[in-house]
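Written below as C-alpha cells is the structure these notes are about.
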Amino acid sequence: MTTVRLTTGQAIVRFMAQQYVERDGHQTRFIAGVWGIFGHGNVAGLGQALEELGDSESMPYYRPQNEQGQVHIATAFARHHDRLRAYACTTSIGPGATNMITGAATATVNRIPVLLLPSDYFAGRTSDPVLQQIEHPVERDVSASDAFRPVSRFFDRISRPEQLLSSLPEAFRVLTDPVETGAVTLSLPEDVQSEAYDWPVRFFDRRVWRVRRPVPEPSVVRDVVALIRDAKAPVIVTGGGTIYAQATAELGAFATRFGIPVTETQAGKGALSWDHPMNAGPIGSNGGLAANRLARDADLILCIGTRMGDFVTSSRTTFQHPDAVFVGINVAPFDAYKLRSAPLVADAREALTALSTALEAAGHTGTPDAYRTRVADLKVEWDDIVAQLRAPSTPALGASLTQSEVIGVVNDALGGSATVICAAGSLPGDLLKLWRPEDPKAYHVEYGNSCMGYEVAAGLGVALAEPGREIVVMVGDGSYLMMNSEIVTAVAERLRFTIVLLDNHGFGCITGLARMVGVPDFGNDLRSRDKTTNRLTGPYVPVDFRMHAEAMGALAIGASTDDELRSALATARAADRVTVIVVPIDPEARVPGFEGWWDVPVAEVSEQAGVREALERYRGTKEQQRFYH
Ligand SMILES: Cc1ncc(C[n+]2csc(CCOP(=O)(O)OP(=O)(O)O)c2C)c(N)n1
Ligand SMILES: [Mg+2]
C-alpha cells in the first residue's frame, strides 16, 4: 500500500480538498474554504497545514473576528448554496472552541452543513492542564469541546491520527446527507493535530458524495392522493426543504394545477414569488390574514419541507378544522411523522412530481372554483394590507419612520431579487409579512434558532456565495450591538453589501412581548441607570452607530426620512464596500398581528393587575390549542 506521511492537520486539509457533491448531474467541490482563528491549539496543526498546503485554489483561508461569527458566515454560505457547498471552521481550544457552540446550534437547528474543527486538550495528557483546559474533576476525558455534542449532528474526538480514516468519511456523509446534515464537529487535540502518520494515498482520492433525492413509497402516494381528492379546503405549508430541494417550480405548478394555496414559513418564504396567484403569504404567529384564515378552516394540510415549529402552527392554534388531517412531505422521517401526519418520506421535488402524476392519472382536477375564488379574494385583501403597511405616510414634523415603512422603502429600492437577511427581533415577523421576494434566494431569515448576531455575519456568507448579488442585512440595534465585528472582515475581504440598522433604542420586540404577558417595561430598553429608581429607567444610552460602523471601515450613512433612506440606498448600491445605513425608528409603531398567536406562559401568581389580566387572556387562548393526537 502506498502511503504518504502527513500530520493530522495536513491530512484534513488534503482530504477536504478532494470532497465533491453531485446532485442532478452537477458536481461541485463541497468545502469552499476554511475559516479560522489560531491559538496554541491549532497554530502548529491546522494552521501550519493551511499555510503550507492551502492556497486560494485548493483551500482558501479566511480570518474572521469571532469564532461564532465564522460559523454564522459558513451557515449563511451553505444555506444560500442549498447545502451543496460549505465551509470548515477551525479554532483553538477552550474559549475559541466554545465560541462556536451558538453557531453550531444555529446550523443544526436549521439543518445546514458546517464542518467544525475545534482544538482540544493534549490527548497525551503530558502537560495537563494545558492553558484553557477545564479539568473536569471526575470525568477525566471531558473537555469544553464536549459541549458540542448536543448541538452537533456528528461528533468525534480524534485522539489518534488514524481515527480520521473512519471519522472523516463519516463526517462528510452526514454533512452531505439532506436528512442528517447540520453542524459536524471533529474535536482535534492539539498534540494530535501536528502528529504525523503514514496515510494510504487512496484516502486522498477524489470522492463524490451523491446528495440523495429519495423517492416516495407508492403505497403512501396512493394514500395521500386519496386524501387530496377528498379534501375540500386543502392548504400547503412550504418550508426551507422545498427551496433546498430546488423544488420551487414544481411547487408552483402543483399548487396552480390542483388549486391548493401555498402558505409560507420563514425558511420557506420565497419559494413562490410574492405575487404568484397561489401564494397566500405567511402562516402562523407572524403570519398574514389570508394564510391564517385558510389554515384555520383547512381540512387537509400538506406540510412540505417544514419542521412545523410553533411559529408555523401558532403554537398549535392555527388549524381549527375539527377533522384536520396532515400530510408530512419531508426527506426527514422525524419531520414527516409530526402532527400525526400521513408520512410521505421523500425529497420534496420527487414527492411533488409523484403526487402530480398520480393525481392526474386519477383524473383529479383540483379544488372547486369557489375555493379558488376564496383564495384569490383573500390574497387581494392581504396584498392590500401589506401595501398600506409598507407605504410611507406623511410624517409629523420630527417623527421617526416606522419599521414597516423602512421595509417598504428598502424593498422597493432594491427590488424583489435582492436577498434580505435577518434573524432576530421584531424584524423577522415584519419581514415575513411585508417583504416581497421574487425568487427563492431573495429571503434569508434565520428563524430556526432566531440567533441575535447572525445577521451581519450572514451578509458575508451570502456575499461570498453569490458575488454580485444585491444583499441587504436588516438588523435591530440590539442584534447589531451583540455582534457586528465581522464588518471588519467584510472590509478585509472587499465584500460589498448593505446593512440597514433600525434603531429603536433596545430590544423592542421583547418590550412588546413583556407587555403581552402583563409585565411593565423592564430591562429591554437601552437606558442608563437612574439614580432615583436604581433601575435602568434613565435616558436612552446615546450610541453613535454611524461613527461606530465608520470606525470599522464601512461606509456609514444616517437616514431619518424616506427620502434620505432612498438616497442612502442609492449611495450604498454604488459603493465599493460594505455600507451601514443607520435609521432611527419609532419604538412604539408596531405592525399588528393577523390572527396568529404565540404561546408564552404568563405568571400564574402576581400582585399586579396587568399580569392577572394577561393570565385570563392567556388561559382563554390556551383552550384553542389542538393536539391532533
Ligand atoms: C442570542 C440571543 N439572545 C437573546 C435572544 C432573545 N431576543 C430575541 S429578539 C431580542 C431583542 C432584539 O433587539 P433588536 O435587535 O434591537 O430588535 P428589536 O426587537 O428592537 O426589533 C432578544 C433579546 C435571541 N433571540 N438571541
Ligand atoms: Mg431594537
(request) Mind counting the residues in the stretch 500-509 that are assigned to a strand (DSSP E or B) and near ligand 1 (Cβ under 7 Å from one of its atoms)? (result) 2
(request) Go over the candidates 604, 595, 613 one by one and state the one that is assigned to a helix (DSSP H, G or I) and of a type in the set (Asp, Glu). (result) 613
(request) Return yes when residue 400 is of a type in the set (S, T, N, Q), farther than 23 Å from residue 69 by Cβ, at pLDDT below 95 and within 16 Å of ligand 2 (Cβ to nearest atom) and no when it is not. (result) yes
(request) Report, by residue number, each residue of the stretch 516-546 that is outside any loop (DSSP other than H, G, I, E, B), more than 14 Å from ligand 2 (Cβ to nearest atom) and without any contact (Cβ under 8 Å) to a residue 24 or more places away in the chain. (result) 530, 535
(request) Would you mind finding the one in 251, 302, 272, 289 that is surrounded by fewer than 24 Cβ atoms within 10 Å (Cβ to Cβ) and at negative phi? (result) 289
(message) Let me confirm something: among 475, 517, 541, 488, which residue is closer than 25 Å to residue 406 by Cβ and surrounded by 15 or more Cβ atoms within 10 Å (Cβ to Cβ)?
(response) 475
(request) Output yes when any residue across the stretch 401-423 is part of a loop (DSSP other than H, G, I, E, B), of a type outside the set (Phe, Trp, Tyr), over 30 Å from residue 77 (Cα atoms) and open to solvent by less than 70 Å² (accessible area, probe 1.4 Å), and no when none is. (result) yes
(message) Checking the conditions here, which among 252, 270 is within 24 Å of residue 376 (Cα to Cα) and touching a Phe, Trp or Tyr at 6+ places or on another chain (Cβ under 6 Å)?
(response) 270
(message) Please go through the stretch 97-123 and give me each residue that is open to solvent by 10 Å² or more (accessible area, probe 1.4 Å), under 30 Å from residue 423 (Cα atoms) and either of a type in the set (A, V, I, L, M) or part of a helix (DSSP H, G or I) (or both), ordered by number.
(response) 98, 101, 102, 105, 108, 109
(message) Given the condition of a type outside the set (S, T, N, Q), away from ligand 2 (no atom under 16 Å from the Cβ), surrounded by 14 or more Cβ atoms within 10 Å (Cβ to Cβ) and in contact (Cβ under 8 Å) with a residue 24 or more places away in the chain, answer yes or no: does some residue in the stretch 497-510 qualify?
(response) yes
(request) Enumerate the strands (runs of 3 or more DSSP E) found wholly within the stretch 272-387, keeping only those where 1 or more residues are closer than 30 Å to residue 409 by Cβ. (result) 279-282
(request) At least 3 residues that are surrounded by 18 or more Cβ atoms within 10 Å (Cβ to Cβ) in each: list the strands (runs of 3 or more DSSP E) lying fully within the stretch 124-211 that qualify. (result) 154-157, 183-189
(message) Going by what's in this entry, would residue 446 be described as open to solvent by less than 10 Å² (accessible area, probe 1.4 Å), of a type in the set (D, E, K, R), more than 9 Å from ligand 1 (Cβ to nearest atom) and touching a residue at least 12 places away in the same chain (Cβ under 8 Å)?
(response) yes
(request) Hey, could you check the stretch 560-601 for residues that are within 16 Å of ligand 2 (Cβ to nearest atom) and among the hydrophobic types (A, V, I, L, M, F, W, C) and say which is surrounded by the fewest Cβ atoms within 10 Å (Cβ to Cβ)? (result) 589
(request) Please state which one of 545, 497 is aromatic (Phe, Trp, Tyr) and away from ligand 1 (no atom under 16 Å from the Cβ). (result) 497
(message) Tell me whether the stretch 478-488 contains one or more residues that are away from ligand 2 (no atom under 16 Å from the Cβ) and assigned to a loop (DSSP other than H, G, I, E, B).
(response) yes
(request) List every residue pair whose Cβ atoms lie under 7 Å apart, where the two residues are 6 or more positions apart in sequence or sit on different chains, the first residue falls within the stretch 333-361 and is in contact (Cβ under 8 Å) with a residue 24 or more places away in the chain and open to solvent by 30 Å² or more (accessible area, probe 1.4 Å), and the second residue, located anywhere, is assigned to a helix (DSSP H, G or I) and among the acidic types (Asp, Glu). (result) 349/250; 353/250
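The values are calculated or read from the model by the stated rules, or taken from the named source; none is laboratory data. For clarity, every value in this text was computed on a predicted model and none was experimentally measured. Glycine also receives a Cβ, built like all others from the backbone with ideal geometry; neighbour counts cover every protein chain displayed. For accessibility, only protein heavy atoms count, side chains too; no ligands or nucleic acids. Shrake-Rupley method; radii C 1.70, N 1.55, O 1.52, S 1.80 Å.
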